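Colleague: Got a structure for you, questions after.
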Amino acid sequence: MNIIITKDNQELSEKACGIIEKQVNDKPDSVLGLATGGSPLGTYKQLINGCQERSVNYENVSTLNLDEYIGLDKNDPQSYHFFMKKHLFDHINIRPENTYIPNGKAVNLGDECERYEQLIDDIGPPDLQLLGIGQNGHIGFNEPGTSFQSETHIIELEESTRRANARFFDSLDKVPKQAITMGIQSILKSEKIVIIASGERKADAIRSLLEDEPDENMPASALRAHKHVTLIVDEAAYQKAGH
Ligand code: F6R
């Protein structure tokens, strides 16, 4: 695993942006795997600047998002569809029809999981997958105990995940209990993976990712089997991890 330690979240975001922009410049029809949540916000700001000020071109780029809450409409401000438009897609020259996110309102969720996994194979797999990491080590919404062989599936969110994400909702009881997520096997199909972690609250997960044996109780540890992973971590998440 390639490890980049940064001073703070700003530098982390610049580094992640630099890697994504290089990917897009080197291969203009790249497929990018994207994440939501707090971690990628700074990176997305930088990507928007790059598109608007440095003419990085997303006209032929496609994106596949990791996950979506079950039961939220695309226009719900808390949905990941809404998040991606607000924080990235509406501000760069990507074609909306080239952006893919699981449908959390599908009538048949089992079929939706199969459809999305097929999309990953047909459109992707991503040339570059951007990941955050949960405090419990989840990647995508693959909670501890998820099989490393898993493909796109429905997951019950852990209480700790719901509590961590309650900051985006009016109250904890509004946070959905289930999500559709790319599986661990689906994520590992990507050519390259960049995982970002910032702040002390991620330190335990980062320590475990770097030091413990791969274990399904620590979903991110599956990344150890991938040939091209870059971890970008700020000092707060790394030093507290005991390095
Ligand atoms: C989001 C996702 C999750 C988050 C993780 C960290 O699409 O897949 O794995 O990356 O929950 O969330 P933040 O960045 O909000 O700490």
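Colleague: Taking the Cα-to-Cβ direction at GLU53 and at GLU211 and moving 7 Å from each Cα, how far apart do the two end points lie in nm?
Modeller: Between GLU53 and GLU211, the simple spin-label model gives 3.9 nm.
Colleague: Hey, can you rank 43-55, 125-137 by average C-beta count inside 10 Å, highest first? It would help to have the intermediate numbers written out before the result.
Modeller: On the way: 43-55: 17.0, 125-137: 22.5.
In descending order of packing, they fall as 125-137, 43-55.
Colleague: Throw me the Rg/Rh for the stretch 33-134, computed over C-alpha atoms with Kirkwood Rh, two decimals. Walk me through the numbers on the way to the answer.
Modeller: Working: Rg = 13.6 Å, Rh = 14.3 Å.
My calculation puts Rg/Rh at 0.96.
Colleague: Per residue, how big is the convex hull of the stretch 1-65 when only Cα atoms are used? Give it in Å³.
Modeller: Values: hull volume 6.3 nm³, N = 65.
Per residue, the Cα convex hull of the stretch 1-65 comes to 97 Å³.
Colleague: Right, something else. Tell me which lysines have Cα within less than 21 Å of LYS189's Cα, excluding those fewer than 8 residues away on the same chain?
Modeller: Within reach: LYS22, LYS27, LYS227.
Colleague: Please report the antiparallel percentage of the DSSP beta bridges confined to the chain, to the nearest 5.
Modeller: On the way: 9 of 31 bridges.
Given both bridge residues lie in the chain, the antiparallel proportion sits at roughly 30 percent.
Colleague: Can you work out ³J(HN,Hα) from phi for every residue in the stretch 225-230, in order, using Karplus 6.51 cos²θ - 1.76 cosθ + 1.60 and θ = phi - 60°, giving whole Hz and x for Gly and Pro?
Modeller: Rounded to whole hertz, the list is 8, 8, 7, 9, 10, 10.
Colleague: Would you work out the Kirkwood radius for the chain? I mean one over the mean of 1/r across all pairs of different Cα atoms, in Å.
Modeller: Details: mean 1/r = 0.0561 Å⁻¹.
Taking every pair of different Cα atoms in the chain, averaging 1/r and inverting gives 17.8 Å.
Colleague: Let me ask something else. Return the aspartates and glutamates within reach of LYS15: Cα separation strictly under 13 angstrom, same-chain partners fewer than 8 residues apart disregarded; answer none if there are no such residues.
Modeller: Of all the aspartates and glutamates, those that pass the test against LYS15 - Cα under 13 Å, at least 8 places apart if same chain - are ASP234.
Colleague: Taking the mean number of other Cβ atoms within 10 Å as a proxy for protection, how do you rank 32-39, 198-205, 144-151 from highest to lowest? Don't skip to the answer; put the middle values down first.
Modeller: Values: 32-39: 22.1, 198-205: 18.9, 144-151: 16.2.
Going by the mean number of other Cβ atoms within 10 Å, highest first, we get 32-39, 198-205, 144-151.
Colleague: Can you list the HN-Hα couplings for the stretch 169-182, worked out from phi with the Karplus curve (6.51, -1.76, 1.60; θ = phi - 60°), rounded to whole Hz and with x for Gly and Pro?
Modeller: 10, 5, 7, 4, 5, 7, 6, x, 9, 9, 8, 9, 9, 4
Colleague: Compute the relative contact order of the stretch 1-140 as a whole-number percentage, counting only Cα pairs closer than 8 Å that sit 6 or more residues apart in sequence. Let's see the in-between values first.
Modeller: Values: 193 pairs, mean separation 40.3, N = 140.
After rounding, I find 29 percent.
Colleague: Tell me the relative contact order for the chain as a rounded percent, counting alpha carbon contacts under 8 Å between residues six or more apart.
Modeller: Numbers: 509 pairs, mean separation 61.5, N = 243.
Contact order relative to length: 25 percent.
Colleague: Explain nothing, just the number: relative contact order of the stretch 132-221, from Cα pairs under 8 Å at least 6 residues apart, as a whole percent. Write down the numbers at each step before the final one.
Modeller: On the way: 138 pairs, mean separation 39.3, N = 90.
Relative CO of the stretch 132-221 lands at 44 percent.
Colleague: For the stretch 122-181 and the stretch 11-61, what is the separation of their Cα centres, given in Å?
Modeller: The stretch 122-181 and the stretch 11-61 have Cα centres spaced 22 Å from each other.
Colleague: Give me the dipole magnitude in Debye, nearest 20, for the stretch 56-175 about the Cα centre, with unit charges on the beta carbon: positive for Lys and Arg, negative for Asp and Glu. Before the final figure, lay out each step's value.
Modeller: On the way: 10 positive and 21 negative charges, 106 e Å.
The dipole magnitude comes to about 500 debye.
Colleague: What does the net charge come to around PRO144 if you take all other residues with beta carbon closer than 11 Å to its beta carbon, with K and R at +1 and D and E at -1?
Modeller: Working: positive: none; negative: GLU143, GLU158, ASP215, GLU216.
That sum, taken over residues with Cβ under 11 Å, equals -4.
Values in this text are rule-based calculations from the coordinates and carry no lab data. Since this is a predicted model, take the numbers as computed values, not measurements. Cβ: placed from backbone, ideal geometry, glycine included. Neighbour counts: every protein chain shown.
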